[in-house]
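First comes the structure, then the notes that go with it.
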Amino acid sequence: KRSLDAVILAHFYQEPDIQDIADVIGDSLALAQAAARTSARTIVFCGVHFMAETAKILNPDKLVLLPDVNAGCSLADSCPAPAFERFIAAHPGHHVVSYINCSAQVKALSDVICTSGNAARVIATVPRERPIIFAPDQQLGRYLIRMTGRDMVLWPGSCSVHVTFSERQIRRLKDENPGALVLAHPECEERVLALADHVGSTTSILRYATGSPASTFIVVTEAGLIHQMKKACPDKRFIPAPPESGCACNECPYMRLNTLEKVYLCMRDRQPEISLPEDLRQRCLVPLQRMLDIGAG
Ligand code: 13P
Ligand code: SF4
């Protein structure tokens, strides 16, 4: 790490071993902000492709490494840029707000980027009379329509991990654990969010649990977040919400492609390296910089 002059950024959904060696652990917004301000010459991004790509958009002259180049995102994949371009053309005059979980090509078609940590604040900057397209997550979009009172045209994308959480299983866990609070990410379906005591980004879920007097929490997001929750609150109990089938689908299969060994190997070999054409990078930088200027929620 010293010889590369590297900073290691890790998302909360990374396996605990990776979180424990990271310099910065955070949600998508905090990691984008950390990438924007780092003076390190190399960024090792322990997360998924769109996150590392965001770091590269902000740092064209730095070496940006992603431990497993196949660490994609089902949500980003649910919005192919050519189809999205046609969708925008079919809705002339709309302000395009895109969730950061999208490809560089989709970012380049957008007016402003947001994360789940600042989406309501970003939407509040759009003039009231201007109609909005929100992409690619329809669940987050519906949640934001309820929160902001702004009608928006939604791209029909979803996260395959968050839509598998089962309302039935969460009700069962609530019955079995009276007093437990339900904390959910807004990428979950509306009927799951309806059971939640708190809805927010991964950082906001962590903060809520830390500040709450309650002692037991049902965590309805990728189970990796529980590692930091346990560290912050060793006396509290965190129950990962199960999907319907009881499989390990509450772990993001893309995030979990990264392993501690692959982190080491990518630093040793200085690859896989993230790169993107300069004209595309510049087009992505405009909406991304707008988000960074707006700041946190
Ligand atoms: P956060 O920005 O809340 O960390 O969410 C990232 C993500 O990929 C959720 O699935
Ligand atoms: Fe993408 Fe969902 Fe994984 Fe987040 S949890 S990185 S949205 S597939």
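The values are calculated or read from the model by the stated rules, or taken from the named source; none is laboratory data. Owing to the predicted nature of the structure, the values given are computational and were not obtained by experimental measurement. Here Cβ is always computed from backbone atoms with ideal geometry, including for glycine, and neighbour counts include all displayed protein chains. The protein model used for the area step is the full one, side chains on, heavy atoms only, and it has no ligands, DNA or RNA in it. Shrake-Rupley method; radii C 1.70, N 1.55, O 1.52, S 1.80 Å.
The table that follows gives values for the structure above.
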| quantity | calculated |
| --- | --- |
| Qualifying residue in the range 1-10 (condition: under 15 Å from the mean Cα position of the chain (by Cα) and touching a residue at least 60 places away in the same chain (Cβ under 8 Å)) | no |
| Residue check, His11 within 16 Å of ligand 2 (Cβ to nearest atom) and open to solvent by 10 Å² or more (accessible area, probe 1.4 Å) | no |
| Subset of the range 204-227 (residues that are more than 16 Å from the chain's Cα centre (by Cα) and touching a residue at least 40 places away in the same chain (Cβ under 8 Å)) | Ile218, His227 |
| Breaking point among (1) closer than 25 Å to Ile113 by Cα; (2) open to solvent by less than 20 Å² (accessible area, probe 1.4 Å); (3) within 16 Å of ligand 2 (Cβ to nearest atom), for Ala241 | (1) |
| Residue list for the range 112-121, filter: over 11 Å from the mean Cα position of the chain (by Cα) and crowded, with 24+ Cβ neighbours inside 10 Å | Ile113, Ala119 |
| Any hit, the range 136-147, residues being assigned to a loop (DSSP other than H, G, I, E, B), touching a strand residue (DSSP E or B) at 6+ places or on another chain (Cβ under 6 Å), open to solvent by 20 Å² or more (accessible area, probe 1.4 Å) and touching a residue at least 60 places away in the same chain (Cβ under 8 Å) | no |
| Residue, nearest to Arg168 (Cα to Cα), within the range 180-216, restricted to residues that are more than 16 Å from ligand 1 (Cβ to nearest atom) and in contact with a Leu (Cβ under 8 Å, 6 or more places away or on another chain) | Val182 |
| Test: residue in the range 246-258 that is surrounded by 13 or more Cβ atoms within 10 Å (Cβ to Cβ), within 16 Å of ligand 2 (Cβ to nearest atom) and within 26 Å of Ala214 (Cα to Cα) | yes |
| Among the residues listed as Val126, Val97, the single one being more than 30 Å from Ala40 (Cβ to Cβ), at pLDDT 95 or above, more than 16 Å from ligand 2 (Cβ to nearest atom) and under 21 Å from the mean Cα position of the chain (by Cα) | Val97 |
| Residue, nearest to ligand 2 (Cβ to nearest atom), within the range 41-66, restricted to residues that are outside any helix (DSSP H, G or I) and open to solvent by 10 Å² or more (accessible area, probe 1.4 Å) | Asn59 |
| Some residue of the range 6-24 being out of contact with any Leu (no Cβ under 6 Å at 6 or more places or on another chain), closer than 17 Å to Gln289 by Cα, among the hydroxyl-bearing types (Ser, Thr, Tyr) and at pLDDT 95 or above | no |
| Residue match in the range 165-179 (condition: within 20 Å of the chain's Cα centre (by Cα), within 16 Å of ligand 1 (Cβ to nearest atom) and at pLDDT 95 or above) | no |
| Tally, over the range 165-214, of residues that are assigned to a helix (DSSP H, G or I) and open to solvent by less than 50 Å² (accessible area, probe 1.4 Å) | 12 |
| Any hit, the range 216-234, residues being within 22 Å of Ile21 (Cα to Cα), open to solvent by less than 20 Å² (accessible area, probe 1.4 Å) and among the β-branched types (Val, Ile, Thr) | yes |
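Every residue, every condition in (1) out of contact with any strand residue (DSSP E or B) (no Cβ under 6 Å at 6 or more places or on another chain); (2) in a strand (DSSP E or B); (3) within 16 Å of ligand 2 (Cβ to nearest atom); (4) not basic (Lys, Arg), yes or no:
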{"position": "Asn101", "(1), (2), (3), (4)": "yes, no, yes, yes"}
{"position": "Ser110", "(1), (2), (3), (4)": "no, no, no, yes"}
{"position": "Arg121", "(1), (2), (3), (4)": "yes, no, no, no"}
{"position": "Ile133", "(1), (2), (3), (4)": "no, yes, no, yes"}
